[in-house]
């Protein structure tokens, strides 16, 4: 796979794979990933992890021109995976999964973050909007028609989490410490961030990787986005 410096490739796949597909994914996992898979309590979680990581390795192998089993990864202090320095590559990536769907983003030289969600009901739990959204975001959501509010809340959540994942800190940073424009307003704009953050350098792209799933791609600097679907063969 060829990836230019101005492109972002986004892949989507389902994690409910057949037995032979799961075996293929298992074969490309590293020793520590296999150990991590074995620690999952529920078989469904174990299989989703195996397929999500297996597909990631196969995709990375396509971009790097090597078998996925030979790809070496390292992890940031908050757990964000990246290529080990051994590869001497400028390839950047991120992944996210929810339920039976996973998404992956690949770029050159620029930070990228992804989030996907399939469970809007958790946003209706008491206290979730108050602790995750700023007062201005809550006010904008409350002004929307009731029929649009849940989807807008879920989309806003994915925008904020994708931005934090692009930074490499995930939910270690308070979601209410910064502000993003509320959908359906477009384009998404980053507001009220730390002084050292450059608001104009971040771009957000709405994703719908599968029916009843909502996602966001956050990328450093504007790029041409190409969407792909990975089908196990």
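For this structure, a couple of remarks:
- The range 79-101, residues that are modelled with pLDDT under 95, part of a strand (DSSP E or B) and touching a helix residue (DSSP H, G or I) at 6+ places or on another chain (Cβ under 9 Å): 81, 97
- Residues of the range 33-78 that turn out to be in a loop (DSSP other than H, G, I, E, B), under 17 Å from the mean Cα position of the chain (by Cα) and within 26 Å of residue 7 (Cβ to Cβ), as a count: 1
- Qualifying residue in the range 69-86 (condition: in contact (Cβ under 8 Å) with a residue 24 or more places away in the chain and under 13 Å from residue 230 (Cβ atoms)): no
- Counted residues, the range 43-63 - those being surrounded by fewer than 18 Cβ atoms within 10 Å (Cβ to Cβ) and either without any contact (Cβ under 8 Å) to a residue 60 or more places away in the chain or under 13 Å from residue 27 (Cα atoms) (or both): 5
- Residue count, the range 18-32 (criterion: under 23 Å from the mean Cα position of the chain (by Cα), part of a helix (DSSP H, G or I) and closer than 18 Å to residue 74 by Cα): 2
- The one condition from (1) outside any helix (DSSP H, G or I); (2) at pLDDT below 85; (3) under 25 Å from residue 77 (Cα atoms) that residue 176 does not meet is (1).
- Selection within the range 133-157 - surrounded by 15 or more Cβ atoms within 10 Å (Cβ to Cβ) and either free of Cβ contacts under 8 Å to residues at least 24 places away in the same chain or part of a loop (DSSP other than H, G, I, E, B) (or both): 133, 134, 138, 144, 149
- Scan of the range 134-151 for residues that are within 21 Å of residue 114 (Cβ to Cβ) and at pLDDT 90 or above, ordered by number: 137
- Residue list for the range 208-223, restricted to those being under 12 Å from the mean Cα position of the chain (by Cα) and within 20 Å of residue 168 (Cα to Cα): 215, 216, 217, 218, 219
The values are calculated or read from the model by the stated rules, or taken from the named source; none is laboratory data. Fair warning: this is a prediction, and the values are worked out from it, not measured in the lab. With ideal geometry, Cβ positions are generated from the backbone for all residues, glycine too; neighbour counts draw on all protein chains shown.
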